[in-house]
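Engineer: Take a look at this one; I'll ask things after.
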Amino acid sequence: MGYSQMDTVEGAKFEYKLAPEAKRYTLRDNGFKETKAGNFQLVMPLNATPQSKEGFKLKITVDKELNGFKMSVTTANGLKTFNIFKDEKNQLVQEKFYFLMDGMIDRGLFTKSEK
């Protein structure tokens, strides 16, 4: 899966785009780690409760030129993508995903638009 200007996770009602004002230091200040290839990656748990070892992870990778990104929600081990919007029992996880993304929008990392 390559990097694109706009991306979303499977089943979400919004698409996200890297904000033009996003900079390397902005990514680092918001928890992104620089990979060996120079890209920036964020892996955040989407557990319904903080103590839970099971759950899902939000993975966002921004390319080193800050031209594109990719995002996905994976299972707890990070090996398989998962649609958290398919089942109503994942309501807390869905809310946490939107809360995290809205926080990154407020900090100037992303913009969003409805699909």
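Read-outs throughout are calculated quantities, based only on the coordinates presented, and are distinct from any laboratory measurement. Quantities reported herein were computed from a predicted structural model and do not represent experimental measurements. Heads up, the Cβs are rebuilt from the backbone with ideal geometry, glycines too, and the neighbour counts pull from every protein chain shown.
Residues are listed down the side, and each one gets a yes or a no for (1) of a type in the set (A, V, I, L, M); (2) free of Cβ contacts under 8 Å to residues at least 24 places away in the same chain; (3) farther than 18 Å from M6 by Cβ:
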| position | (1), (2), (3) |
| --- | --- |
| K59 | no, yes, no |
| D63 | no, no, no |
| N67 | no, no, no |
| K70 | no, no, no |
| V73 | yes, no, no |
| L79 | yes, yes, yes |
| F82 | no, no, yes |
| G103 | no, yes, yes |
| L109 | yes, no, no |
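Engineer: Does any residue in segment 32-48 that is touching a residue at least 40 places away in the same chain (Cβ under 8 Å) come within less than 8 Å, Cβ to Cβ, of a residue that is assigned to a loop (DSSP other than H, G, I, E, B) and surrounded by 13 or more Cβ atoms within 10 Å (Cβ to Cβ) six or more places away or on a different chain, and which pairs are these?
Structural biologist: M44/G31; L46/G55; L46/I84; N47/G55; A48/G55
Engineer: Restricting to segment 14-48, name every residue that is exposed (fewer than 15 other Cβ atoms within 10 Å of the Cβ) and out of contact with any strand residue (DSSP E or B) (no Cβ under 8 Å at 6 or more places or on another chain).
Structural biologist: Of everything in segment 14-48, those that are exposed (fewer than 15 other Cβ atoms within 10 Å of the Cβ) and out of contact with any strand residue (DSSP E or B) (no Cβ under 8 Å at 6 or more places or on another chain) turn out to be P20, E21, K23, Y25, D29, K36, A37, G38.
Engineer: Working only within segment 1-50, note down all residues that are part of a loop (DSSP other than H, G, I, E, B) and among the aromatic types (F, W, Y). Quick ask: steps written out before the conclusion?
Structural biologist: Of segment 1-50, the ones part of a loop (DSSP other than H, G, I, E, B) are 1-3, 5, 8-13, 19-23, 30-32, 35-39, 46-50.
Once the filter is applied, which keeps residues that are part of a loop (DSSP other than H, G, I, E, B) and among the aromatic types (F, W, Y), segment 1-50 yields Y3, F32.
Engineer: Looking only at residues that are among the small types (G, A, S) and not in a loop (DSSP other than H, G, I, E, B) in segment 62-115, which one is surrounded by the most Cβ atoms within 10 Å (Cβ to Cβ)? Give the derivation first.
Structural biologist: Going through segment 62-115, the residues among the small types (G, A, S) turn out to be 68, 72, 76, 78, 103, 108, 113.
Checking the rest, the ones that are also not in a loop (DSSP other than H, G, I, E, B) come to 72, 103, 113.
On the way: S72: 19, G103: 12, S113: 10.
That would be S72.
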